[in-house]
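Enquirer: Mind looking over this structure? Questions follow.
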Amino acid sequence: MSAPNTQSASAEGLDLVFWDPSGYRWNGPGDWNQWRYIPDGLGGEIGIRFGVSAGFGTFDWNLGGVPPRGSVNDGTGASSFGKNEQTGMASKSVNAIRMQANKQFTGARNNFTVELDFSRYKGSRVGGKDGVAGANTLVGVSDIYAGLTYAKTTVTITGTLEGGGAASPAGWKLYNGGVAPNTSGGNQPSAQLSLVNGVLQGTNRPAPGGQANSIDTVMGLVRLDAAGCKTLRLSYDLYPMPGSWGPRVDNSGLYVASAFPRKPAEPPKPVEPPKAAEPPAKPTTPTVVIKDPGKPGTTTSYTYTVKNPDGSIAGKGCFTYETPADGGPPKLVAFYYHDKVVGTINQSNVQTFYFDGEGDDKRFTFVTGTPAKGICSLTADTTLPAQLTGIGGEGPQSYLGKTIDFPKVATGTTVAEESTSVPQVDLVVVIDSSVSMKDEADALNQAVAAAIEAAKTKCPSDLRVTYLGIEGTFKNTRFETTVRNYLTDVAKADEAALRGRKKGTVSGGGAQEDGARAIEDVITHYDWRPSAKRAVFFLGDEAFEGGGQVDKDDIAEANRAIDAAKKNDVRVHTYLGTSGAKEKQRKALEDEFARVATETGGKAFTSKDALNGFQALLEKVICGSKSSTATTTEFCCCQEYVESEG
């Protein structure tokens with residue numbers, strides 16, 4: 001159903017009578033959505049009314065445009081008519097309603113819609129039925145943007161049959177006229193039109209004798225079929241082309257004519273030798289507009305679902321686009337949609353596509369062909385009351401009341417798996433050995449055995465725990481060795497390389513409160529096992545360089561400890577015990593202890609956590625040393641995804 005409905009030339013002589021819009025003038029804003037009736041040239045009338053799609057009620061013809069008006073012996077129509085594929089057609093007067101879209105729109109939009117009512121049409125005069133437009137009724141346009149320069153206009157024609165169903169465009173035929181003289185701006189309307197599933201748009205093939213890359217199209221007439229249409233709806237969409245996003249206007253003509261088949265008055269002339277065939281036109285390129293200010297060189301995928309009136313899922317789809325690394329508009333690289341009515345639609349079926357996911361004007365719309373028998377096309381638009389429309393066969397009934405969830409960014413699937421091996425864990429517990437920390441040391445000593453067993457149950461590990469005091473120890477606890485003694489006697493570190501200050505060299509709690517220096521020394525000089533996970537658990541109640549206030553020296557020493565931890569792959573956990581610090585000072589201490597833990601991948605605790613017992617606290621520390629792996633699978637917009645359940 002995707003081949004263009006075109007015909008090389010009129011197969012029979014036709015005398016056309018165009019409608020007579022000589023008395024038609026736009027009367028102002030009151031004309032929106034109001035029927036006006038124009039003589040059809042047969043003794044009846046054709047109704048016409050203009051509308052604006054949802055969200056564009058402020059459309060104003062006077063913003064650089066020209067309101068609709070009757071045009072008898074219309075310029076482009078009269079000069080283009082009867083040539084090229086319209087050879088054999090004749091008329092006394094080629095009449096149009098001519099209008100110029102305003103400069104209000106710079107993106108893909110239904111600039112306006114035109115509805116035609118044939119309930120008063122005298123179709124019987126041309127061999128058809130009164131009240132319907134049939135096989136001898138033609139509707140056409142001229143001068144729409146061809147899409148070869150800086151803009152493109154598409155006119156989507158849909159119809160309603162006499163019985164109320166949707167008309168199929170499969171039997172409609174398009175006849176292109178010839179080139180028209182240059183306009184005042186030097187442009188020659190010479191691009192031929194194509195008709196695919198009811199969508200009229202320009203091609204890159206000029207009418208014979210015309211110029212390449214024309215801005216506008218010739219006059220094209222669409223001949224309807226015998227099914228008969230009670231009404232027609234023409235939706236005008238104006239698309240700026242890449243690199244030319246300024247506001248555009250489009251001065252075009254709209255034609256309606258009735259055809260009287262004519263018998264040849266003279267014997268046919270001898271057949272002339274056939275002319276050399278012109279090269280075939282390139283396949284019509286889908287019109288794609290994607291608005292995304294994303295970074296160049298990125299690829300983005302979206303998913304969306306179609307729902308039944310009861311909220312259940314009727315279908316789902318996806319699309320992917322790339323933003324070129326060297327600039328330029330995003331490029332659609334994948335499109336899929338699937339439901340039980342149309343089957344699976346892919347990018348080769350796409351005729352038009354528009355996506356703007358941001359701001360007040362966000363919109364998602366597409367028109368595609370379908371692989372389903374009898375259904376010619378599927379139209380989707382999140383801004384319209386009827387968000388989905390199927391053309392042909394069971395299409396119209398199948399999509400009544402169905403809605404589209406606005407597309408959401410697709411993300412990959414991440415699965416986190418805990419390691420199944422029993423890890424080695426080296427945990428060094430370092431405590432501020434000043435008198436104020438004795439109660440925390442006693443509590444930790446009482447809970448340590450139970451904590452280790454509980455932690456091993458939840459997080460099995462080959463655990464080695466070392467308890468060290470900063471320049472001092474606590475009797476009757478596991479803190480029996482100082483940081484300095486362990487590092488020099490057991491780890492065989494050079495004492496001159498240690499940064500921790502000796503007891504008695506600093507006033508007050510002094511060296512016993514050198515938390516950051518002790519952490520750095522342990523990280524740098526401890527005898528870590530090569531394959532073990534490394535962790536330091538620091539317990540203190542003063543700033544990292546001693547004292548109750550956090551100053552620049554404390555922060556500088558903490559930064560050194562953080563750098564050492566990152567370089568040596570050590571997690572630092574912190575515990576801030578009770579202290580006499582004021583509320584403001586206490587908050588600064590909590591923040592600094594938390595910073596050291598967070599930046600090294602550890603956990604931060606305060607004296608509040610001790611209310612639940614040190615067993616639970618130490619259990620968290622040990623379990624926090626166990627590794628896990630996360631595997632992320634990138635999202636794939638493909639047939640498998642849209643056809644999968646869920």
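Enquirer: Please list, in order, the residues from segment 303-332 whose amide nitrogen is less than 16 Å from a point placed 7 Å along the Cα→Cβ vector of D292.
Expert: Inside the label zone: 303-304, 317-332.
Enquirer: Using just the C-alpha positions of the chain as equal point scatterers, what log10 of I(q)/I(0) does the Debye formula give at each q in 0.05 1/Å?
Expert: Those come out to -0.45, one per q.
Enquirer: Oh, and also: Set the Förster distance to 45 Å, then compute FRET efficiency between N445 and T631 from the Cβ-Cβ distance, nearest 0.05.
Expert: That gives a FRET efficiency of 0.60.
Enquirer: Hey, another quick one. Which residues' amide hydrogens lie under 5 Å from the amide hydrogen of Q424, considering only partners 5 or more residues apart or on another chain, with H built in the peptide plane?
Expert: D462, K533
Enquirer: For Q351, list long-range residues whose amide hydrogen, built 1.01 Å from N in the peptide plane, is under 5 Å from its own amide hydrogen.
Expert: Sorted by chain and number, the residues that satisfy this are V367, T368, G369.
Enquirer: Compute the angle between helix 438-458 and the longest alpha-carbon principal axis of the chain, please, reported from 0 to 90 degrees and rounded to the nearest 10.
Expert: The angle comes out near 50 degrees.
Enquirer: In what order do R478, R484 fall by count of nearby beta-carbon atoms within 10 Å, going from fewest to most? All intermediate terms of the calculation are to be shown ahead of the outcome.
Expert: Details: R478 19, R484 22.
Ranking R478, R484 by Cβ neighbours within 10 Å, fewest first, gives R478, R484.
Enquirer: Going by Cα centres, segment 356-401 and segment 448-491 are how many Å apart?
Expert: 69 Å
Enquirer: Would you list the P(r) distribution for segment 304-373, with all Cα-Cα distances sorted into 5 Å bins from 0 and each bin expressed as a whole %?
Expert: Values per bin, smallest distances first: 4, 13, 22, 22, 20, 12, 5, 3, 1, 0.
Enquirer: Let me ask you something else. Can you classify segment 13-262 as rounded, prolate or oblate using the Cα gyration tensor, where a ≥ b ≥ c are the square roots of its eigenvalues, rounded means a/c under 1.5, and otherwise it's prolate if a/b beats b/c and oblate if not?
Expert: Values: a/c = 1.57, a/b = 1.19, b/c = 1.31.
It comes out oblate by the Cα gyration axes.
Enquirer: In whole percent, what relative contact order does the chain give with Cα contacts below 8 Å and a gap of six or more residues? Don't skip to the answer; put the middle values down first.
Expert: On the way: 1551 pairs, mean separation 70.2, N = 646.
Over the chain, the number comes to 11 percent.
Enquirer: Got a sec to turn the phi values of segment 37-48 into Karplus ³J(HN,Hα) couplings, 6.51 cos²θ - 1.76 cosθ + 1.60 with θ = phi - 60°, whole Hz, x for Gly and Pro?
Expert: Result, ordered by residue: 10, 10, x, 8, x, 10, x, x, 9, 10, x, 9 Hz.
Enquirer: Separate question: Please turn the phi angles of segment 85-91 into ³J(HN,Hα) values with the Karplus equation 6.51 cos²θ - 1.76 cosθ + 1.60 (θ = phi - 60°), one per residue in order, whole Hz, x for glycine and proline.
Expert: Each residue's phi maps through the Karplus curve to give 6, 8, 4, x, 8, 9, 7 Hz.
Enquirer: May I pose another question? Helix-derived [θ] at 222 nm for the chain: sum -39500 (n - 2.57) over DSSP H runs of at least 4, divide by residue count, nearest 500?
Expert: Result for the chain: -4500 deg cm²/dmol, rounded to the nearest 500.
Enquirer: Any idea what the relative contact order of segment 421-626 is, in percent, if you count C-alpha pairs under 8 Å spaced at least 6 apart?
Expert: On the way: 389 pairs, mean separation 51.0, N = 206.
Over segment 421-626, the number comes to 25 percent.
Enquirer: Whole-Hz ³J(HN,Hα) for each residue in segment 363-368, computed from phi via Karplus 6.51 cos²θ - 1.76 cosθ + 1.60 with θ = phi - 60°, x for glycine and proline: what do you get?
Expert: 7, 9, 8, 7, 10, 9
Enquirer: Based on Cα coordinates alone, diagonalise the gyration tensor for segment 421-626, multiply each eigenvalue by 5, take square roots, and list the semi-axes in whole Å, largest first.
Expert: Details: eigenvalues 108, 78, 56 Å².
Calculated on Cα positions only, the semi-axes equal 23, 20, 17 Å.
Enquirer: Let me ask another. Would you mind checking which residues have amide H under 5 Å from T466's amide H? H placed 1.01 Å from N; only 5 or more apart, or other chain.
Expert: Hits under the 5 Å cutoff: L427, V428, V429.
Enquirer: Could you work out the pair-distance distribution P(r) of segment 451-571 from its alpha-carbon pairs, with 10 angstrom bin width and percents rounded to whole numbers?
Expert: 12, 42, 35, 11, 1
Enquirer: What's the ranking of 199-206, 187-194 by average number of surrounding C-beta atoms within 10 Å, highest first? Numbers along the way, then the final one.
Expert: Numbers: 199-206: 22.1, 187-194: 24.8.
Highest-to-lowest ranking by the protection proxy: 187-194, 199-206.
Taken together, the values in this text are just the output of simple stated rules run on the coordinates, not laboratory data. Small disclaimer: the values here were computed from a predicted structure and weren't measured. Using ideal geometry, Cβ is built from the backbone for each residue, glycine included, and neighbour counts are taken over all protein chains shown.
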